1. When the dipole is taken about the Cα centre of segment A:97-166, and only Lys, Arg (+1) and Asp, Glu (-1) are charged at their Cβ, what size is it in debye, to the nearest 20?
2. Would you please name the GluC sites (Glu not before Pro) within segment B:129-225 that are DSSP coil residues with at most 15 other C-beta atoms within 10 Å of their C-beta?
3. Per 10 Å bin, what percent of the C-alpha pairs of segment A:1-61 does each bin hold, from zero upward?
4. Once Lys and Arg get +1 and Asp and Glu get -1 on their Cβ, which of B:TYR163, B:ALA255, B:GLY221 lies farthest toward the positive end of the dipole of segment B:150-287?
5. Can you list, largest first and rounded to whole Å, the semi-axes you get for chain B by taking the square root of 5 times each eigenvalue of its Cα gyration tensor?
6. Hey, if you put +1 on the Cβ of every Lys and Arg and -1 on every Asp and Glu Cβ in segment A:4-93, which of A:THR88, A:VAL36, A:PHE58 ends up farthest toward the positive end of that dipole?
7. Given 0.36 nm per residue, what is the gain on full extension from A:VAL98 to A:GLU199 after removing their alpha carbon distance, in nm?
8. Would you kindly derive the ³J(HN,Hα) couplings of segment A:156-171 from the backbone phi angles with the Karplus curve 6.51 cos²θ - 1.76 cosθ + 1.60 (θ = phi - 60°), listing them in order in whole Hz, with x for Gly and Pro?
Amino acid sequence: MGLKSWWSWKLKEMRASKHSYVLLAPYMVLFTMFTVIPVVISIILSFTYFNMLEFPRFIGWQNYTRLFLEDDVFLIAIKNTLLFAIITGPISYIACFVFAWIINELTPKWRAFMTLIFYAPSISGNVYFIWLMIFSGDRYGIANGLLIKWGFLLEPIQWLKTEAYIMPILILVQLWLSLGTGFLAFIAGLQTVDRTLYEAGAVDGIKNRWQELWYITLPSMRPQLMFGAVIQLTTSFAVADVSIALAGFPSVNYAAETVVTHLIDFGTTRFEMGYASAIATVLFMIMVGTNLLVQKLLRRVGE
Amino acid sequence: MAAIATGKKRVNRSLSGSLSLFALLLVFGAFMVLPLIYAINNAFKPLDEIFTFPPTLFVKNPTFSNFTDLLNLLSDSWVPFSRYIFNTVFITGIGIVGHVLLASAAAYPLAKHKFPGKVFMFQVVVLSLMFTPAVTAIPNYMIMSWLGWIDTYWAVIIPAFAYSLGLYLMKQFMEQIPDALLEAAKIDGASEYRIFWSIVMPNVKPAWLTLIILLFQMLWGSDGNGYIYSEQLKTLHYAAGQIIQGGISRAGAGAAVALILMSVPITLFIFSQSRIIETMASSGMKE
């Protein structure tokens, strides 16, 4: 088939699908405007010097070399973000699955109740400022109060102003918040696993719940596992709100700086838009790259 | 224990295994729920009880004074509290309706039609699930200011229409609608739009609820995302943040506002839970 006839055939097909395009158009126009174009602009701007006042000036790879070679705070931000991703990512992913798996064995009423308990923190409208009261620096904060009462401490600790404690506390709060959409997808996925597979498995010599989990449950849930991984990874790379709310902005000696808070710093405080765009582009690459990698790994589950 | 014993006549279950797993569930369940219980109790504590030493989890002399304090505090501010509520309800309401309509309309052809560009468009949406909106914040601000939407509700509402997770879940859910149903309507002479509106939409009601709760959570908790500067247009979440940062004298009112903020989405979830899980069941990432 020649190029010309291929085109005329495609055009004919497109004309026949005009209703599909009409239905898609409103969403796609907005999606392009607020997601696709911004990604493209961000990548282009990352190669320029841009302060919002003057027209962007092309400076090649300078933003990137500055980012990795001269910006010490960015290295802290990368280190913190990776720490978040490496700790909260896998832990919350596994926790989502394990708790969904245990909850799935309960009666429907208990299942609904426990789902609510585990999902409530992530849905409760960003009320992580509760943790400010718990880790408040005076003796009225729950953590200080209890530790003093039990005799572990003599004086209250400034939890969120002491470098060594900031990251562990943020990781704890992030874990508390992290049983979200992925968790619901797992609960749902477990309910769709074909019951007869378990009976067949028992006949074929599956001895305990762990074998059942690995050979039957996990492989049947591969789609939900993928979905959960994407959601969980994206969230654990994007930590910023919790850091700003609890540790302040900027945090003590940048102890709670993450890539996103660094991006906010340069984008909204210092108006170095080109540099901020370079940070955004690096973050984008890291997120999409790890997501694709993890999906590749997950295809092997249960083999 | 009653709950454990009824676990679906499954074989291969050791009792000690069950017990340790449920112990695990209880310990972590407590970790999840205790901060929320603390927040609920704090809202009803008189001020002296909030600042007792050692701190207590449960309230001893419950009072509504924090809520009345909150009202007094807010009636003194030059923007009436009802204005913040209106702003949040308006943004959340319009955002949800627009998103459900647009995402459903777009999900239908993606799930059920064959046309050039379909796979590509869906792949782009899936790709966008893999990164945080923070990545595009700066260009988005530029686009908003170019459109003249800075300091209007629209800067928050319109991008929410094109939230990608909603389209993704809706498309996966619509794929389960039997083709025969749509074919039958087509033979009866219904147009694509009529099929969408009268057959597809009523069939995906559980998925609506999921989209509603996801977007509700996002918009209800929004503080304007750096686009809204006028005090009259600010949201409840923003106002709450101001009160909570107000220090010791406002600790009671802060606790009350925290309770108000968290109770609405949680209540909504309680009522829609089973439908939401039904939608999530179809949420596989398909290649």
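The values are calculated or read from the model by the stated rules, or taken from the named source; none is laboratory data. Worth saying up front: this structure is predicted, and the values here are computed from it rather than measured. Every residue, glycine among them, receives a Cβ derived from its backbone with ideal geometry; neighbour counts consider all protein chains shown. Only protein heavy atoms, including side chains, enter the accessible area calculation; ligands, DNA and RNA are left aside. Shrake-Rupley method; radii C 1.70, N 1.55, O 1.52, S 1.80 Å.
1. Numbers: 5 positive and 4 negative charges, 43 e Å.
In debye, rounded to 20, segment A:97-166 gives about 200.
2. Working: sites: B:GLU175, B:GLU183, B:GLU192; in loops: B:GLU175.
Counting only loop positions with at most 15 other Cβ atoms within 10 Å, the GluC sites (Glu not before Pro) in segment B:129-225 are B:GLU175.
3. Cα pair-distance distribution for segment A:1-61, in percent: 18, 24, 23, 20, 14, 0.
4. Among B:TYR163, B:ALA255, B:GLY221, the one farthest towards the positive end of the dipole of segment B:150-287 is B:ALA255.
5. 40, 31, 17
6. Positive-most Cα among the choices belongs to A:VAL36.
7. On the way: separation 101, 0.36 × 101 = 36.36 nm, distance 2.18 nm.
Full extension of this stretch gives 34.2 nm more.
8. Each residue of segment A:156-171 in turn: x, 9, 7, 3, 8, 10, 10, 3, 5, 8, 4, 4, x, 5, 4, 5 Hz.
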